[in-house]
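Read the structure below first, then the notes.
The values are calculated or read from the model by the stated rules, or taken from the named source; none is laboratory data. Worth saying up front: this structure is predicted, and the values here are computed from it rather than measured. Cβ coordinates were reconstructed from backbone atoms using ideal geometry, including for glycine residues, and neighbour counts include every protein chain displayed. Quick note on the areas: whole protein, heavy atoms, side chains included, nothing else; ligands and nucleic acids left out. Shrake-Rupley method; radii C 1.70, N 1.55, O 1.52, S 1.80 Å.
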Amino acid sequence: MLRSNFEKDLNKLHVDLDKMCHLVVLAIENCITAFKSGDRELCRDILSGDKVINDMERTIEARCLSLILKQQPIASDLRNVSTALKVVTDLERIGDQSADIAEILLETDVKCPYKMVEHIPNMARLARDMVKGSIEAFHEHDLKKAAKIKELESQMDGLFEDVKVELVQIVNEDKENIDLVINFLMIAKYFERIGDHAVNICEWIEFNQTGTVDNYRLI
C-alpha cells in the first residue's frame, strides 16, 4: 500500500514537471518571436508566464519534500525525487532568464533588432534546442542524448564570442548605440545562461541514472 501511494505521488510529480517543462520551452520560443517581431504584448505574456512558472516550482518542491519526508524512499527513488528537485530549480531559472530578456526587449526601442545582431537569433535557437533536448533526455532517462546536449555548450560559447565581435563593430560605427549594445549583450548572456541550465539538467540526468555527477558520487 505504501509503495502504491508513493508511485501515485511520484506520478503526480512528473505530471507537474511536464507542465512546467512545457511552459519553460514556450517562454523561450516566445522570446525568439518577440526578438524578431518586437511584439511588446508577447513580452508581457512572457512576464506573466514567469509568475506561473515560479508558482509551479514551489508546488513541485513541496511535493518532492513531502515524498522524501513522508514516504522514506529507497536509494533509487530518492535519486529520482532529488533529481526532480534539482531540475525544477534549473527550469525556474530558465523561466527567469526568459523574463529578463522580455524586460530588456520592452526597454529596447528599435525596429527589427535581429537584423542588427546576426548571431543572437542563432544563440536563441540553440538555447531552445538545448533545453528541449535536455528535457527529452530527462523524461527518457537517456544518458547518450544528455551527453550530446552537453557537447553543444562549446557551440553556444562560440556564438557568444561572435555576438561580442558584432557588438564592438556596432559601437565603432556609432558611439550613440552604446545603450542598445548593452541591451543586446545582456540578451545574449541570458541565452548563454539558458544553455548552461540545459547542461545542468543533463548532469542531473547522469546523477539520476548513476548516483554520480562528474565522476563524484553523491548517492
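Yes/no matrix, rows are residues, columns are (1) over 26 Å from residue 139 (Cα atoms); (2) at pLDDT 90 or above:
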| position | (1), (2) |
| --- | --- |
| 7 | no, no |
| 22 | no, yes |
| 29 | no, yes |
| 35 | yes, yes |
| 40 | yes, yes |
| 46 | no, yes |
| 52 | no, yes |
| 57 | no, yes |
Where the second residue is modelled with pLDDT of 85 or more and not acidic (Asp, Glu) and the first is within 20 Å of residue 131 (Cα to Cα) and part of a strand (DSSP E or B) and lies in segment 204-219, which pairs have Cβ atoms under 6 Å and are six or more apart or on separate chains?
213/207
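One line per residue, one yes/no per condition, for (1) within 29 Å of residue 59 (Cβ to Cβ); (2) over 15 Å from the mean Cα position of the chain (by Cα); (3) among the charged types (D, E, K, R):
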| position | (1), (2), (3) |
| --- | --- |
| 89 | yes, no, no |
| 95 | yes, no, no |
| 106 | yes, yes, no |
| 140 | yes, yes, yes |
| 162 | no, yes, yes |
| 182 | no, yes, no |
Residue among 81, 88 that is closer than 21 Å to residue 11 by Cβ and at pLDDT 95 or above:
88
Can you tell me which residue among 17, 26, 67 is in a helix (DSSP H, G or I), open to solvent by less than 50 Å² (accessible area, probe 1.4 Å) and either within 22 Å of residue 132 (Cα to Cα) or in contact with a Gly (Cβ under 6 Å, 6 or more places away or on another chain) (or both)?
17
Residues of segment 38-60 being surrounded by 15 or more Cβ atoms within 10 Å (Cβ to Cβ) and small (Gly, Ala, Ser), which ones?
38, 49
